[in-house]
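Structure record follows, encoded as structure tokens.
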Amino acid sequence: MTSDTHASAARSTKSAARPVKVWDLPTRIFHWTLVAMVSIGYLTGWVFAENTMGLHLWAGYITVSLLVFRLTWGVFGSEYSRLETFSFSPVHILSHMKELATLRPVRHYIGHNPTGSLMVFGLLIVLSTITLSGLVVLGGEENQGPLAGIASYAAGDMADVVHTSLVILLLTMIVLHVGGVYMEIKLTGEKLVRAMITGLKTVPAGTPALKHRKARPFAATIVITLFVSFAGTLLWDFSTMAPSGLATLPPSGTYESECGDCHMPYHPSLLPIASWQKMMASLGDHFGEDASLDEQTVAEITTYLTQYGSESWDTEAANRFRTVNPQKPLQITETPYWISKHEDISPDTFKRKKVGVKSNCGACHTDHYTGRFDDQKIKIPPQE
Amino acid sequence: MKSITTLVCTFTLVAAFGAALASPALAGPREDIIAGFMAQGAGPANPANGQKMYEGTYGTGKPGTPKCTTCHDISPQKGGQTRTGKAIEPMAVSRTPARFTDKKKVDKWFRRNCSSVIGRECTAQEKVDFISFLMTQ
């Protein structure tokens, strides 16, 4: 047993420089999985197109699991994984920072040093807030996930600001973290990156005996199981609620066939009532064509669109398309939101045979007639 | 044995399909519609004029739709495409047997498309000519 070796080595108070197991395997796996999840989360949420949202959600859910594990392991893990071993007083942290500022070799800490520990706690708090705000964004804006039945669009929109701002903060912290590790490597000569892979750090000669409490995996498992059962049941209950943003749209054969004769019928939530009414009153010149209908049909469709226009929905699309272009209030593809969401799509993509025109929503948004417009449902037809 | 069964099945299906294709021509809806236009003052059908209408360019209606073939294919045998990219079934009655059998639809599309392309309503005579041309296709 390696811990026995440490114990016997520690018994002789003055010993030579020797490797000591500092980071246990679960903590190391946690660290590098978190690195992977944050990278995937950043790429799929910020760099790649929206249709990678499915992967983004997986990265988020795995990050939540990692955080639950790490906080539990912070109590039941082996010595240096325990939060108490790197909880320093603010005075202690400040004096360590001052010491670092001299850029001279500093006192050696086997686990996290005081400044590093500040970063670890900071990262745990920021990552928890990012994932929780992400769940609110998912429920409020996308009508998905466990909070779909609870979070309003406005709540999701607010959470989106928190989510995005904290990601910027997180990126800054990652830069500082890597810089700090580099600095410590330079100042103490420790191979810190290797330590997070092998778990071993070299303790300088003359270091006094180390107490090294073992991990308590059984207790940790029980706590995690209890937490997951409790939180899981709660979230499961929430997730059985109907998404709060979606109204029930009874099918209208008249609307779908009369409007669907020339173009895909647009989901009624995509324009405000005022726009629909204006459109129905001007069918004689409908985007450059005569689309007139008999009076009775016009009345029927107007009633339908008035009842189910964007005001009746709390989806992202309904909320965003409610702001129309005042010069072209009938044209969804002229709304500021539509334009900003499609500016990265090349004109060639719209010319593809299966798309043809910008107004052919269903060519890429495979769930367009639900009004949801899920990011994961975007399937851009490939080049012929 | 199996190939004979297949052959018989195919033949039956083809026959049934053929009968379905032929039936609107035998039954009256299209003839009734034409008779209705004649009652509004149209004379005998002139398919040649119908063809001229179908293939011609007007430019007197809405700017985006100067001719029928803006959306319909120049060959009535082939399908067209609306300006929004939606497919239009071929206009030829032989290809789309349901053409000109629903009075409401016929009125709706003559009203809209004559207005969009020509910029006025079509006369009863023009409607009869137009339908009779596409019945020969």
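The values are calculated or read from the model by the stated rules, or taken from the named source; none is laboratory data. This structure is a prediction, so every number in the text was calculated from the model and none was measured. Quick reminder, even Gly has a Cβ in these numbers, built from the backbone with ideal geometry, and neighbours come from all protein chains shown. Just the protein is used for accessible areas: all its heavy atoms, side chains included, with ligands, DNA and RNA removed. Shrake-Rupley method; radii C 1.70, N 1.55, O 1.52, S 1.80 Å.
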Checklist outcome for this item: For the stretch A:342-376, the count of residues that are closer than 23 Å to A:Phe48 by Cα, touching a residue at least 60 places away in the same chain (Cβ under 8 Å) and of a type outside the set (S, T, N, Q) equals 7
Checklist entry - Is it the case that some residue within the stretch A:260-271 is within 23 Å of B:Ser116 (Cβ to Cβ) and in contact with a Leu (Cβ under 6 Å, 6 or more places away or on another chain)? => result no
Checklist entry - Of the residues that sit in the stretch A:49-88 and are under 30 Å from A:Thr115 (Cβ atoms) and among the polar types (S, T, N, Q), which one is nearest to the chain's Cα centre (by Cα)? => result A:Thr63
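When the residues of the stretch A:124-164 are filtered to those that are over 18 Å from A:Leu57 (Cα atoms) and part of a helix (DSSP H, G or I), which remaining residue is most open to solvent (accessible area, probe 1.4 Å)?
Taking the stretch A:124-164 as the starting set, the residues that turn out to be over 18 Å from A:Leu57 (Cα atoms) are A:124-125, A:150, A:152-155, A:158.
Right, trim to part of a helix (DSSP H, G or I) and you get A:124-125, A:153-155, A:158.
Working: A:Leu124: 18, A:Ile125: 111, A:Tyr153: 16, A:Ala154: 65, A:Ala155: 33, A:Met158: 136 Å².
Per the criteria, the residue is A:Met158.
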Checklist entry - Is one or more of the residues making up the stretch A:209-222 more than 30 Å from A:Ser117 (Cα to Cα) and small (Gly, Ala, Ser)? => result no
Checklist entry - Under the condition of being among the β-branched types (Val, Ile, Thr) and away from chain B (no Cβ under 14 Å), which residue from the stretch A:340-373 is surrounded by the most Cβ atoms within 10 Å (Cβ to Cβ)? => result A:Thr370
Checklist outcome for this item: Apart from one, (1) closer than 15 Å to A:Ala291 by Cα; (2) open to solvent by less than 70 Å² (accessible area, probe 1.4 Å) all hold for B:Thr101; the odd one out is (1)
Checklist entry - In the stretch A:293-329, what residues are aliphatic (A, V, I, L, M), away from chain B (no Cβ under 14 Å) and in contact (Cβ under 8 Å) with a residue 24 or more places away in the chain? => result A:Leu305, A:Ala317, A:Ala318, A:Val324
Checklist entry - With A:Trp46, A:Trp58, A:Trp23, A:Trp32 as the choices, which residue is farther than 30 Å from A:Ile345 by Cβ and part of a helix (DSSP H, G or I)? => result A:Trp32
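Identify, please: which residue in the stretch B:106-126 is among the charged types (D, E, K, R), more than 9 Å from every other protein chain (Cβ to nearest Cβ) and open to solvent by 50 Å² or more (accessible area, probe 1.4 Å) and is, among those, farthest from B:Ala35 (Cα to Cα)?
B:Arg120
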Checklist entry - Looking at (1) more than 14 Å from chain B (Cβ to nearest Cβ); (2) in contact with a Cys (Cβ under 9 Å, 6 or more places away or on another chain); (3) acidic (Asp, Glu), which is the only condition A:Asp237 fails? => result (2)
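In the stretch A:198-234, how many are open to solvent by 50 Å² or more (accessible area, probe 1.4 Å), at pLDDT 90 or above and either β-branched (Val, Ile, Thr) or farther than 29 Å from A:Ser65 by Cβ (or both)?
Within the stretch A:198-234, residues that are open to solvent by 50 Å² or more (accessible area, probe 1.4 Å), at pLDDT 90 or above and either β-branched (Val, Ile, Thr) or farther than 29 Å from A:Ser65 by Cβ (or both) number 7.
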Checklist entry - Of the residues in the stretch A:186-197, how many are part of a helix (DSSP H, G or I) and exposed (fewer than 14 other Cβ atoms within 10 Å of the Cβ)? => result 4
Checklist outcome for this item: Among the residues of the stretch A:69-89, the number that are part of a helix (DSSP H, G or I), touching a residue at least 60 places away in the same chain (Cβ under 8 Å) and buried (at least 16 other Cβ atoms within 10 Å of the Cβ) is 6
Next on the checklist: Any residue in the stretch A:90-105 that is of a type outside the set (S, T, N, Q) sitting within a Cβ distance under 8 Å of a residue that is open to solvent by 100 Å² or more (accessible area, probe 1.4 Å)? List the pairs, counting only those 6 or more apart or interchain.
Outcome noted: A:His96/A:Arg107; A:Glu99/A:Arg107
Checklist entry - What number of residues in the stretch B:68-84 are open to solvent by 30 Å² or more (accessible area, probe 1.4 Å) and either within 13 Å of another protein chain (Cβ to nearest Cβ) or on the phi > 0 side of the Ramachandran plot (or both)? => result 5
Item to check | Breaking point among (1) within 30 Å of A:Asp367 (Cα to Cα); (2) open to solvent by 70 Å² or more (accessible area, probe 1.4 Å); (3) in a loop (DSSP other than H, G, I, E, B), for A:Leu103 | outcome: (1)
Checklist outcome for this item: With criteria (1) open to solvent by less than 40 Å² (accessible area, probe 1.4 Å); (2) within 14 Å of another protein chain (Cβ to nearest Cβ); (3) out of contact with any helix residue (DSSP H, G or I) (no Cβ under 8 Å at 6 or more places or on another chain), A:Ser275 comes up short on (2)
Checklist outcome for this item: Of the conditions (1) under 25 Å from A:Lys353 (Cβ atoms); (2) without any contact (Cβ under 8 Å) to a residue 24 or more places away in the chain; (3) part of a loop (DSSP other than H, G, I, E, B), the single one that B:Thr69 does not satisfy is (3)
Checklist entry - Is it true that A:Leu176 is under 30 Å from A:Ala101 (Cβ atoms) and either under 15 Å from the mean Cα position of the chain (by Cα) or open to solvent by less than 30 Å² (accessible area, probe 1.4 Å) (or both)? => result no
Next on the checklist: If I ask for residues that are within 13 Å of chain B (Cβ to nearest Cβ), among the hydrophobic types (A, V, I, L, M, F, W, C) and surrounded by fewer than 19 Cβ atoms within 10 Å (Cβ to Cβ), which ones from the stretch A:278-292 would you list?
Outcome noted: A:Leu283, A:Phe287
